[in-house]
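Okay, so here's the structure we're looking at.
The values are calculated or read from the model by the stated rules, or taken from the named source; none is laboratory data. In this text, all values refer to a predicted model and were calculated from it rather than measured experimentally. In this analysis, Cβ positions are derived from the backbone assuming ideal geometry, glycine residues included, and neighbour counts consider all displayed protein chains.
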Amino acid sequence: MKSAEEMMKILDAYDLTGSLRDAGELAGCSPNTVEHCVERRAGAGVLDQAALRPELIDEYLAKVEEWVERSKGKARADVAREARRTRLRRV
């Protein structure tokens, strides 16, 4: 798989020439590789970016942010984690 830099170079060459073959010559790769990069860009819209997935903290983020704000940034992560665990056990 090409790196993001290589793919950008290929796509820049394609945008400049409008030709798979000419872009391949400029970028130093095959026209098939150029075609693959162009299709990925058209299909996905974004290259080499991880899919957004929910995080474990998402459910508790508002409460943690409240603790940090109330403590003026002095809330420690280990204390917040333990407080979250304690409150979960009670629920």
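For the reader, a short list of remarks on this structure follows.
- Lone qualifier among ASP58, ASP78, ASP15, ASP22 - being over 19 Å from the mean Cα position of the chain (by Cα), exposed (fewer than 10 other Cβ atoms within 10 Å of the Cβ) and in a helix (DSSP H, G or I): ASP78
- Some residue of the range 51-69 being modelled with pLDDT of 85 or more, among the charged types (D, E, K, R) and more than 30 Å from ARG84 (Cβ to Cβ): no
- Residue within the range 33-48 that is assigned to a loop (DSSP other than H, G, I, E, B), surrounded by fewer than 10 Cβ atoms within 10 Å (Cβ to Cβ) and at pLDDT 80 or above present: no
- Scanning the range 1-12 for residues being of a type in the set (Ser, Thr, Tyr) and surrounded by 15 or more Cβ atoms within 10 Å (Cβ to Cβ) gives a total of 0.
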